[in-house]
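Bear in mind that the values in this text are calculations on the coordinates, not laboratory data. Here the structure is a predicted model, which is why all the values come from computation and not from measurement. Every residue, glycine as well, gets a Cβ built from its backbone with ideal geometry; the counts of neighbours run over all protein chains shown.
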Amino acid sequence: MKVNKIDHICIAVKDLVQARKVWEPVLGKSAPDDEYVDESEKIRVARYWLGGVGFELMESTSPDGEVAKFIKKRGEGVMVVSLNVDDTRAAMGELRQMGYPLIGGARSFRDCEFAFVHPKKMNGVLLEVIDYKWRELERDDG
């Protein structure tokens, strides 16, 4: 499986407003580069672009959301490491062939798809593969 780059890293937080106050001065940012709520995943996200990699602070929008469950079990911290691939479904097939257990199937996000490898196989880290196109890097900010 060809990995293009680390796509993003997600930090599970209890309080997104408070976490932003902690992280933004360190990241050299006054606000997220992208903010969104993903109702299907039950998360509110503040995303920052750092050298072509996304750094995300994620807060659960529901007590039964995966982020809330993660925090209850393990506390706040790194929850997801995401690898950028050309084709999520092809990567899923390769991962299955290599014996990596996937959680569910491909899921949609904006104009791409993503999938998860079970953390029990990945040293406790939820591994994501995503075929996000990174159009943000194509912009001319000058």
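Placing R0 at 22 angstrom, the Cβ-Cβ distance between MET98 and LYS73 gives a FRET efficiency of 0.25 after rounding to 0.05.
Kirkwood Rh over alpha-carbon pairs of region 5-134, then Stokes-Einstein at 25 °C and 0.890 mPa s: what D in µm² s⁻¹, rounded to an integer? For these conditions, the coefficient is 162 µm²/s.
Taking Lys and Arg as +1 and Asp and Glu as -1, the other residues whose beta-carbon sits under 11 Å from that of ASP111 total +1.
For GLY93, what charge total do you get from the other residues with a beta carbon under 15 Å from its beta carbon, if Lys and Arg give +1 and Asp and Glu give -1?
Overall, the nearby charge balance is -2.
Among residues other than ASP15 with Cβ under 13 Å from its Cβ, the summed charge is +2 (Lys and Arg +1, Asp and Glu -1). Between the alpha-carbon centres of region 39-80 and region 4-23 there is a gap of 7 Å.
Placing unit charges on C-beta atoms (Lys and Arg positive, Asp and Glu negative, everything else neutral), compute the dipole magnitude of region 5-134 about its Cα centre in debye, rounded to 20.
Working: 19 positive and 21 negative charges, 110 e Å.
Dipole of region 5-134, to the nearest 20 debye: 520 debye.
Of the trypsin sites (Lys or Arg not before Pro) found in region 48-131, those that fall in a DSSP loop while having at most 13 other beta-carbon atoms within 10 Å are ARG110, LYS120. Of the residues PHE70, GLY51, CYS112, the one whose Cα sits farthest toward the positive end of the charge dipole of region 5-134, with +1 on the Cβ of Lys and Arg and -1 on the Cβ of Asp and Glu, is PHE70. For region 1-61, run through the trypsin sites (Lys or Arg not before Pro) and keep only the ones in DSSP coil with at most 15 other Cβ atoms within 10 Å of their Cβ. Within region 1-61, the qualifying trypsin sites (Lys or Arg not before Pro) (loop, at most 15 other Cβ atoms within 10 Å) are LYS2, LYS14. Among beta bridges from DSSP that stay inside region 5-134, the antiparallel ones total about 70%.
The amide H of LYS5, built 1.01 Å from its N in the peptide plane, has ASN84 as neighbours under 5 Å, considering only residues 5 or more places off or on other chains.
Springs between Cα atoms under 10 Å define the GNM used for the chain, and in it the highest mean-square fluctuation of VAL85, VAL26, VAL45 occurs at VAL26. Derived scalar couplings between HN and Hα for region 7-24 equal 7, 7, 10, 10, 10, 7, 10, 6, 9, 5, 4, 5, 5, 4, 5, 7, 7, 4 Hz in order, rounded to whole Hz, by the Karplus curve 6.51 cos²θ - 1.76 cosθ + 1.60 (θ = phi - 60°), x for Gly and Pro.
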